[in-house]
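Notes to accompany the following structure.
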Amino acid sequence: MDLIEAFTDLETNPDLHCGRLLLLLNAFAGQDAKGGIEGLTKLAKLDFLLRYPVLLERALKARGKSIRDVKLHAHEKTSVESQMVRFRFGPWDHRYYQFLNLLVAKGLAKIVHDGRRVSTTLTDRGQAAAVKLATTSEFADIARRAHLLKAHLDLTATNLVRFIYDTFPEVVSLKLNETIEP
């Protein structure tokens, strides 16, 4: 298997994306592990920053926060783990519904409807899986960065969208469905 084929396999493997979302949801669960992320728009914006640690670093700088704990690796400065595209509301992966449905089907997450509000939270099983996943060398950086997002970018969806557009104006200038490059 060559390098390009290996990256393609990673991109098409939903487990990688589900693992990252599991860690993101866990970081937002709070002390009682009952919290979650309200709305798919907020989830997508947070995941955008988690998927692209170079841009997470830039976002933290824009908020006047330390970037020390991002701990970028050399390969992360030049490679793209997966693609996102410009959607109506900025960065979006058309597979979020698939990923969230997989987490729900595996009993790791649940979708809570409260009127027009939709929140995604972890089940007890999902939290246990996230805690275990966070201890692996492959996902430790993602877990740490997810907690940075919770600490420094836990904004309302509207304010997070505004922040993304202000901080990354190049995302706004892309055409719909155009690939976002970090």
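Read the figures in this text as sums done on the coordinates, not as results from a lab. Worth saying up front: this structure is predicted, and the values here are computed from it rather than measured. So basically every Cβ, Gly included, is an ideal-geometry build from the backbone, and we count neighbours across all protein chains shown.
A simple spin-label model places pseudo-atoms 7 Å from Cα toward Cβ; at residue 125 and residue 137 they are separated by 3.0 nm. Charged neighbours of residue 108, selected by a Cβ distance under 11 Å, balance to +2 (K, R count +1; D, E count -1).
Phi-derived couplings, Karplus 6.51 cos²θ - 1.76 cosθ + 1.60 at θ = phi - 60°, listed residue by residue for the range 164-171: 4, 5, 5, 7, 10, x, 5, 5 Hz, with x used for Gly and Pro. Taking other residues whose beta carbon is less than 12 angstrom from the beta carbon of residue 160, and scoring Lys, Arg as +1 and Asp, Glu as -1, yields 0. Counting charges near residue 125 (Lys, Arg +1; Asp, Glu -1) among other residues having Cβ under 12 Å from its Cβ returns a value of +2.
For the peptides 17-27, 134-144, 112-122, the ranking by mean Cβ contacts within 10 Å, running from highest to lowest, is 17-27, 134-144, 112-122.
Taking each of 34/132; 65/106; 34/71 in turn, the alpha-carbon distance tops 26 angstrom for 65/106; 34/71. The modelled label-to-label distance for the pair residue 105/residue 58, using points 7 Å beyond Cα in the direction of Cβ, is 3.5 nm. Our estimate of slack between residue 97 and residue 152, defined as 0.36 nm per intervening residue step minus the Cα-Cα distance, is 17.2 nm.
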